[in-house]
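Engineer: Submitted below is the structure of interest, expressed as structure tokens.
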Amino acid sequence: MKHFINIRDFSYNTLRIILLDAKKRKLKRRNLKTLEPDKDQPLKGNLLIQMFEKSSLRTRLSFYLAIRQLGGSALTLRPDELHLSKGGESISDTAKILSTYGDIFMLRTDNEKKLINFKEHLSIPLINGLSPKSHPAQILSDIFTIEEITNKNISKLNICWIGDSNNVLNSLIEASIKFSFSLKIGCPKKYLPSLEVLEMIKKNSHRIKIFNNPKDAIKKADVVLTDKVISMNDKVNKKKKIKDFSAFKINSKLMSLSKNAFLLHCLPRGNEITDEVFYSAKSKVWQQALNRVHVQKSILLFCLNKLR
């Protein structure tokens, strides 16, 4: 059984196979309407059950469209509707029911331990739709978008991250190690990645550099990625954190230091970027968001052993 929890769980070859399948499937859908299924309908009769413990727009829409275009169906559960959230049913029992009714389960959670517990008790594949430490589907689709725009293997590019050290950056770091691309991270000294992640960088990559000055991080970048400074359920002094990141706000002056770079943002956005940059020609955020559908289709196929 194949789960999709973290980028680091997979070999480069496996990740590349997923991306190649997504590219082929996107090309084949050029003349199809949104809800028209792919001609082969490889997941006809399959049910994706998804549960969101955190707010979601892109992940919810993209996984729904992904399974529908593959010929299957999706059922979305709200945690407040389940016995699980009210303390009346265990994760193990809930997992048994999910495994009985569904073919694959996608969980978006603010509890890393819950993700692991579900993985241990499910007898169907589990996809991590976002957890406190990881956002693998987002980063794999970002790589897809970067290579689609540049028509280059990401290993030949200089990638830059400006912003907080969060779950999206963790997955980007794992991807840098797997795909062997240069990654420069710009963040304040007080907001470095966790010790666990820093140790992983130390052991596995000499191509990842961390700077406490955004100007140093963005120089010679081909792509600039960022995310909200104040994440969902971020239990911090928000005013102080925003102030701490004031020098890291992505504006035209900062972007001009790498004149050929384009911008990606996993959304939703906050005050970490100006409207001028966000709505400029350099911004590829809408293409980035739509590509989630195509890559997640291939992730679903991989997990269900239907990838050809």
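The values are calculated or read from the model by the stated rules, or taken from the named source; none is laboratory data. These numbers were taken from a predicted model, which means no experiment stands behind them. Virtual Cβ from ideal backbone geometry, glycine too; neighbours counted across all protein chains shown. Note: areas computed on protein heavy atoms with side chains; ligands, DNA, RNA excluded. Shrake-Rupley method; radii C 1.70, N 1.55, O 1.52, S 1.80 Å.
Engineer: From the residues in segment 245-270 that are in contact (Cβ under 8 Å) with a residue 12 or more places away in the chain and part of a helix (DSSP H, G or I), which one is farthest from Leu172 (Cα to Cα)?
Structural biologist: Residues of segment 245-270 that are in contact (Cβ under 8 Å) with a residue 12 or more places away in the chain, as a first pass: 245, 247-252, 254-255, 257-258, 260-270.
Restricting the remaining residues to those that are part of a helix (DSSP H, G or I) gives 247-248, 252, 254-255, 257-258.
On the way: Ala247: 22, Phe248: 19, Ser252: 24, Leu254: 21, Met255: 20, Leu257: 22, Ser258: 20 Å.
The qualifying residue farthest from Leu172 (Cα to Cα) is Ser252.
Engineer: A further question on this structure: Pairs please, first residue from segment 26-52 and free of Cβ contacts under 8 Å to residues at least 60 places away in the same chain, second anywhere and among the aromatic types (Phe, Trp, Tyr), Cβ atoms under 6 Å, 6+ apart in sequence or on different chains.
Structural biologist: Ile49/Phe105
Engineer: When you check Asn305 against the structure, is it among the polar types (S, T, N, Q), assigned to a loop (DSSP other than H, G, I, E, B), over 15 Å from Val224 (Cβ atoms) and modelled with pLDDT of 95 or more, yes or no?
Structural biologist: yes
Engineer: Mind listing just one residue for me: the one in segment 79-95 that is closer than 12 Å to Met51 by Cβ and of a type in the set (D, E, K, R) and, of those, least open to solvent (accessible area, probe 1.4 Å)? Spell out how you get there, then give the answer.
Structural biologist: Residues of segment 79-95 that are closer than 12 Å to Met51 by Cβ, as a first pass: 79-82, 84-85, 91, 94-95.
From the residues that got through so far, the ones that are of a type in the set (D, E, K, R) too are 80-81.
Working: Asp80: 80, Glu81: 113 Å².
My answer is Asp80.
Engineer: Output the number of the condition that Asp9 fails; it satisfies all remaining conditions of (1) without any contact (Cβ under 8 Å) to a residue 60 or more places away in the chain; (2) over 27 Å from Asp110 (Cβ atoms); (3) not small (Gly, Ala, Ser).
Structural biologist: (2)
Engineer: Are there any pairs with C-beta distances below 6 angstrom linking a residue in segment 220-244 that is more than 20 Å from Leu130 (Cβ to Cβ) and touching a residue at least 24 places away in the same chain (Cβ under 8 Å) to a residue that is of a type outside the set (A, V, I, L, M, F, W, C) and crowded, with 16+ Cβ neighbours inside 10 Å, with the two at least 6 apart or on different chains, and if so which?
Structural biologist: Filtered contacts from segment 220-244: Lys220/Asn158; Ala221/Asn158; Ala221/Ser258; Asp222/Asn158; Asp244/Pro188.
Engineer: Given the condition buried (at least 24 other Cβ atoms within 10 Å of the Cβ) and touching a residue at least 60 places away in the same chain (Cβ under 8 Å), answer yes or no: does some residue in segment 96-103 qualify?
Structural biologist: no
Engineer: Taking the condition under 17 Å from Ser171 (Cβ atoms) and touching a Cys at 6+ places or on another chain (Cβ under 9 Å), does Phe10 pass? Write out each step before concluding.
Structural biologist: Working: under 17 Å from Ser171 (Cβ atoms): yes; touching a Cys at 6+ places or on another chain (Cβ under 9 Å): no.
Taking the combined requirement at face value, the residue does not satisfy it.
Engineer: Would you please list the contacts, defined by Cβ atoms under 6 Å and residues six or more apart or on different chains, that run from a residue in segment 125-151 that is within 15 Å of Asp227 (Cβ to Cβ) and of a type in the set (S, T, N, Q) to a residue that is open to solvent by 10 Å² or more (accessible area, probe 1.4 Å) and not in a helix (DSSP H, G or I)?
Structural biologist: Ser134/Asn6; Gln138/Cys266
Engineer: Going by what's in this entry, would Lys156 be described as farther than 30 Å from Asp216 by Cβ, among the charged types (D, E, K, R), more than 17 Å from the chain's Cα centre (by Cα) and surrounded by fewer than 19 Cβ atoms within 10 Å (Cβ to Cβ)?
Structural biologist: no
Engineer: Open to solvent by 10 Å² or more (accessible area, probe 1.4 Å), in a helix (DSSP H, G or I) and in contact (Cβ under 8 Å) with a residue 60 or more places away in the chain - does that describe any residue in segment 183-197?
Structural biologist: no
Engineer: If I ask for residues that are touching a strand residue (DSSP E or B) at 6+ places or on another chain (Cβ under 7 Å), in a helix (DSSP H, G or I) and open to solvent by less than 40 Å² (accessible area, probe 1.4 Å), which ones from segment 37-78 would you list?
Structural biologist: Passing the criteria: Thr59, Phe63, Ile67.
Engineer: If you check Leu115 against the conditions, is it of a type outside the set (Phe, Trp, Tyr), open to solvent by less than 50 Å² (accessible area, probe 1.4 Å), closer than 30 Å to Arg25 by Cα and in a strand (DSSP E or B)?
Structural biologist: Values: of a type outside the set (Phe, Trp, Tyr): yes; open to solvent by less than 50 Å² (accessible area, probe 1.4 Å): yes; closer than 30 Å to Arg25 by Cα: yes; in a strand (DSSP E or B): no.
Here the answer is no, as Leu115 does not meet what is asked.
Engineer: When you scan segment 119-147, how many residues do you find that are open to solvent by 10 Å² or more (accessible area, probe 1.4 Å), under 21 Å from Val168 (Cα atoms), assigned to a helix (DSSP H, G or I) and touching a helix residue (DSSP H, G or I) at 6+ places or on another chain (Cβ under 7 Å)?
Structural biologist: Count: 2.
Engineer: Could you say whether any residue in segment 216-237 is in contact with a Cys (Cβ under 8 Å, 6 or more places away or on another chain), over 26 Å from Arg25 (Cα atoms), of a type in the set (Val, Ile, Thr) and assigned to a helix (DSSP H, G or I)?
Structural biologist: yes
Engineer: Cβ-Cβ distance below 9 Å, separation of 6 or more or different chains: which pairs start in segment 271-287 with a residue that is within 25 Å of Lys241 (Cα to Cα) and end on one that is basic (Lys, Arg) and crowded, with 18+ Cβ neighbours inside 10 Å?
Structural biologist: From residues that are within 25 Å of Lys241 (Cα to Cα), the pairs are Asn271/Lys228; Asn271/Lys249; Glu272/Lys228; Glu272/Lys249; Ile273/Lys249; Thr274/Lys249.
Engineer: Something else now. Considering only residues that are hydroxyl-bearing (Ser, Thr, Tyr) and out of contact with any Phe, Trp or Tyr (no Cβ under 8 Å at 6 or more places or on another chain), which ones fall in segment 140-174? Break it down into steps so the answer makes sense when it comes.
Structural biologist: First pass over segment 140-174, keeping only residues hydroxyl-bearing (Ser, Thr, Tyr): 141, 145, 150, 155, 165, 171.
Of everything in segment 140-174, those that are hydroxyl-bearing (Ser, Thr, Tyr) and out of contact with any Phe, Trp or Tyr (no Cβ under 8 Å at 6 or more places or on another chain) turn out to be Ser141, Thr145, Thr150, Ser171.
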